[in-house]
Amino acid sequence: MTKVLIFNGSPRKKGNTSVLIKECVRAINDSSKEAEIFFLNDMTIKSCQFCDWCIKNNALSCVQKDDMNNLYPKLLESDVIVLASPIFWFSVSAQMKLFIDRLYALHGKDGYVLTQKKIATILVYGDSNVDRSGVNNAIGSIEDLIRYMKSENIGIVHGTAYKIGDAEKNKELMSRAYELGSIISK
Ligand SMILES: Cc1cc2nc3c(=O)[nH]c(=O)nc-3n(C[C@H](O)[C@H](O)[C@H](O)COP(=O)(O)O)c2cc1C
């Protein structure tokens, strides 16, 4: 069974990010893959303290005993990782950034070990003007992260939706989210 992990960086359980994830998962569920969704806002994920306990101990986990330590083994065993976030102040949400910072713990003694994954991305923003929304900053950061992880970028879906319910009305965005699920299912 191919393992797909989906990380939702929105604070709104019924928000646009959740709707787009659901649409993506609809395509994944039509295939033989299994998707697990993590709502980061409900999890305890503290900020990376750059203490290097992880590296000094070759631990592949963190000295801070919070929810991140359950995620490290799952991440290492996964095949596909989906990063889904609203744009907050011209980048990914704080919830998503905390999660990404804590991926630092996956530096082993011989280098970074969270590699060779397929990475898919979903980003949603309120501004109708893509260049004003700040999404390009988030895309740049995620592309750099994927490169650092020696992983494959299998698709970045993004579009405009502001209020709860707006994503469903953006039919083009919904169909691209479904299409991303189809790509994950290949
Ligand atoms: C604190 C905050 C900051 C935001 N910053 C931006 C922004 O920089 N650019 C933008 O286009 N939309 C911005 N938005 C709008 C959200 O990205 C948009 O409403 C999105 O659909 C929220 O996703 P959600 O429904 O999954 O929570 C911001 C919203 C909040 C609450």
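Once you have the Kirkwood Rh of the range 64-116 from its Cα pairs, apply Stokes-Einstein at 4 °C and 1.567 mPa s and quote D in µm²/s.
Stokes-Einstein gives a translational diffusion coefficient of 104 µm²/s.
With a Cα-only, solvent-free Debye model of the range 15-60, what are the log10 I(q)/I(0) values at q = 0.27, 0.30 Å⁻¹?
The Cα Debye sum returns log10 ratios of -1.00, -1.10.
Rounded to the nearest 20 Debye, what is the dipole magnitude of the chain about its Cα centre when Lys and Arg each give +1 and Asp and Glu each give -1 at the C-beta?
180
What ranking of Met174, Met1 comes out by heavy-atom accessible area, probe 1.4 Å, highest first?
Correct descending sequence by accessible area is Met1, Met174.
Given labels modelled 7 Å from the Cα in the Cβ direction, how far is it in nm from Glu168 to Met43?
Here the modelled spin labels are 2.8 nm apart.
Percent of accessible area on the chain owned by carbon and sulfur, 1.4 Å probe?
Its accessible area is 52 percent carbon and sulfur atoms.
May I ask you to give the solvent-accessible area per residue for the chain, in square angstrom, as obtained with a 1.4 angstrom probe?
That works out to 50 Å² for each residue.
List the trypsin sites (Lys or Arg not before Pro) within the range 15-83 that DSSP assigns to loop and that have no more than 15 neighbouring Cβ atoms inside 10 Å.
Lys46, Lys65
Could you give me the percent of Cα pairs per 10 Å distance bin for the chain, shortest bin first, beginning at zero and ending with the bin that holds the maximum distance?
P(r) over the chain, rounded to whole percents: 10, 38, 37, 14, 2.
The values are calculated or read from the model by the stated rules, or taken from the named source; none is laboratory data. On a predicted model such as this, the values are computed, not experimentally measured, just so you know. Positions of Cβ are backbone-derived with ideal geometry, glycine not excepted, and every protein chain shown enters the neighbour counts. Heads up: the accessible areas ignore ligands, DNA and RNA and are worked out on the full protein's heavy atoms, side chains in. Shrake-Rupley method; radii C 1.70, N 1.55, O 1.52, S 1.80 Å.
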